[in-house]
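Since the structure comes first, as structure tokens, the remarks are kept for the end.
The values are calculated or read from the model by the stated rules, or taken from the named source; none is laboratory data. Because the structure is a prediction, the values reported are computed rather than measured. Cβ placement follows ideal geometry from the backbone for every residue including glycine, while neighbour counts extend to all protein chains displayed. Just the protein is used for accessible areas: all its heavy atoms, side chains included, with ligands, DNA and RNA removed. Shrake-Rupley method; radii C 1.70, N 1.55, O 1.52, S 1.80 Å.
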Amino acid sequence: SPERAKQPAAPDAKEERAVQGSHNSMAKVAFASTVGNVLEWYDFGVFAFLAPQIGDQFFPKEDRATSIMNAFIVFGGAFVIRPLGGALFGHFGDRYGRKAALQISVAMMGASTFIIGCLPTYAQIGALAPLLLTVCRLFQGLSVGGEFVGSLIYAVESAPPNRKVFFGSLCTSSAVAGTTLGSWTGLLLHSVLTEHELLEYGWRIPFWCGLAIGAFALWMRKGLGESGEFAEDRSKAQAAKAESSPLIQGLRQQPVSILLAFLIAAVYGFGVWFISTFPPVLYLDLMDPPLGGKGAEREERRGGDVVYHGGSDIWLLHTLVLCSIVAAIPMWGWLGDRLGNQFMMASSTLALAVASLPCAIAMGSGVVASSLLGQTVLSLIIACIGSSFPSYLVQVFPVGVRYSCLAVGYNGALGLFGGTAGIVGTYLFNTYGSTGAIGAYMAAVASVSCVSVLIQNARYKRDKARDAVLRGEQTEAVPAVVVDLRQGTPDRVEGEAEGAASAEEKMRELERAVEGLQREGMEAKTKCAALAAENEALRARVAQLEERRADPSSLS
């Protein structure tokens, strides 16, 4: 604002903003923030899409459903440890800066992804194979715990005030782009390799490619400065180093906000991982007969091996749906900057709660058109949620503890709901024999998140009104809020503001009356002084007359 521009900035702040202007063009911020997410979700997506093959290579030969379940359990293990990674990287990011945390996380992710592609199989080293796979996945989970949250915080903090929803949506869009890249990779592998070739070496190729993506992301982030908000808050961050950990401070000061962030992120965690990774497994490995008659088409032979041409059409359709999500998220983000992220979050979570059951049933109908329609509708609703929740959750926490608090809340939800999406989907389908149970589960999660969004919206308005009252400002939200300045706590009291306004008016009237009385008192004092002077003059005159009467000669 013009007033703020007139205020001289401290030398350190000027220097920080100069660095910001030279290093952090918005295009570079957007690209560097998102490229790490591509790697993160590319790896997670590839692992989920190749779960049947990974299950065959790293676990004892049992029935196919059990092998898939084992692979999804290892897949979910990386999510379970994400809160720990979020706590570690959150502490580092709040203390030493977003940039350093993002560089370390992407380097760790790229290295662990490459190592997975080099692991020996169960047939080669026995039970040590799934153990090594699990260790690599845990390291990936640690790095991912700081990567996504750090990138969205960096993007939102660096964005202009009127484009924060859009820049936050680029982070989620790039994450789904990584999953889409993994899907294209799976489609390519299933199209050109035989089952024997895929099991022998083909599944390793996508993980080897992750090293190149990680190196490129690390190179991109070396040229970045700190985010604008963190740079301005750096003096406070330096002073906070002598105090307790940012995570400890956040847990003490923001426990309700962390819980609400966890519940709000739950719907996106389950929804995006379900819609991004589970449909191919559902259509091609769990449904009997497979969607589109995969069984007959897969009998084509090349050199005596089974070719994966049968599932290519399903993989292609699924990949196209993912492409639609990638495109839809920034569009929803553009709209969110105009309608507000609070409205977008409330309406989209409510829509998902209503649409989950019928769309899931359509996905399991066995008809390609119905399955595609159900998947597409769910995808667009989840894209709307994904566009607004980054900026929505970033605004909940203060800068000094933002990374730590959001990392714990978001990664906790991703670990519990996102990491178990494949396990829950496989279990519910095998138990009930239909996708209706999966839809009911998603509807329940969406309902909880919708209620949490409404609660957080009310808290945000309350806090905004409280801050306005403490600053002595008038806002539209003030009539519903009364602040006890002695206790420092806000209490909602209907109509109290009108009484307060009336009391203030009466106080002003009393002050005017007192001022009037004071003026009248001054005037009375002046009149008394004048009367006293006149009285003295009259007395002097009387004295003179008495002297003349006593001296007859003075009368002649």
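Please work out if ALA155 is of a type outside the set (Ser, Thr, Tyr), surrounded by fewer than 19 Cβ atoms within 10 Å (Cβ to Cβ) and part of a helix (DSSP H, G or I). No. Looking at SER371, SER379, SER434, just one residue is more than 21 Å from ALA159 (Cβ to Cβ), open to solvent by 20 Å² or more (accessible area, probe 1.4 Å) and among the polar types (S, T, N, Q), and that residue is SER434. Considering (1) over 28 Å from GLY340 (Cα atoms); (2) not in a helix (DSSP H, G or I), the lone condition that PHE397 does not fulfil carries the number (1). The condition of being open to solvent by 10 Å² or more (accessible area, probe 1.4 Å) and at pLDDT below 85 holds for GLN103.
Taking every residue in region 279-292 that is closer than 15 Å to ALA71 by Cβ and pairing it with any residue that is among the polar types (S, T, N, Q), at least 6 positions away or on another chain, the pairs with Cβ-Cβ distances below 8 Å are PRO280/SER183; VAL281/THR426; LEU282/THR435; LEU286/THR426; LEU286/ASN430.
When every residue of region 53-62 is checked against the conditions, at least one turns out to be open to solvent by 30 Å² or more (accessible area, probe 1.4 Å) and modelled with pLDDT under 70. Taking the listed residues SER379, SER356, SER370, SER348, the one that is assigned to a helix (DSSP H, G or I), out of contact with any His (no Cβ under 7 Å at 6 or more places or on another chain), among the polar types (S, T, N, Q) and closer than 14 Å to ILE264 by Cβ is SER348, with no other qualifying.
Residues checked against (1) over 15 Å from PHE89 (Cβ atoms); (2) modelled with pLDDT of 85 or more; (3) not in a helix (DSSP H, G or I):
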site	(1), (2), (3)
MET109	no, no, no
SER112	no, yes, no
ILE115	yes, yes, no
PRO120	yes, yes, yes
LEU131	yes, yes, no
CYS136	yes, yes, no
GLY141	no, no, no
VAL144	no, no, no
PHE148	no, no, no
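Pairing each residue of region 123-140 that is within 18 Å of TYR201 (Cα to Cα) and in contact (Cβ under 8 Å) with a residue 24 or more places away in the chain with any residue that is part of a helix (DSSP H, G or I) and open to solvent by 70 Å² or more (accessible area, probe 1.4 Å), provided the two are 6+ apart or on different chains, yields C-beta distances under 7 Å for ALA129/TYR122; PRO130/TYR122. Among the residues making up region 382-401, a single one is at pLDDT 85 or above, open to solvent by 20 Å² or more (accessible area, probe 1.4 Å) and over 15 Å from MET345 (Cβ atoms): PRO398.
Restricted to region 76-100, and to residues there that are surrounded by fewer than 24 Cβ atoms within 10 Å (Cβ to Cβ) and aromatic (Phe, Trp, Tyr), the residue that is nearest to the chain's Cα centre (by Cα) is PHE92.
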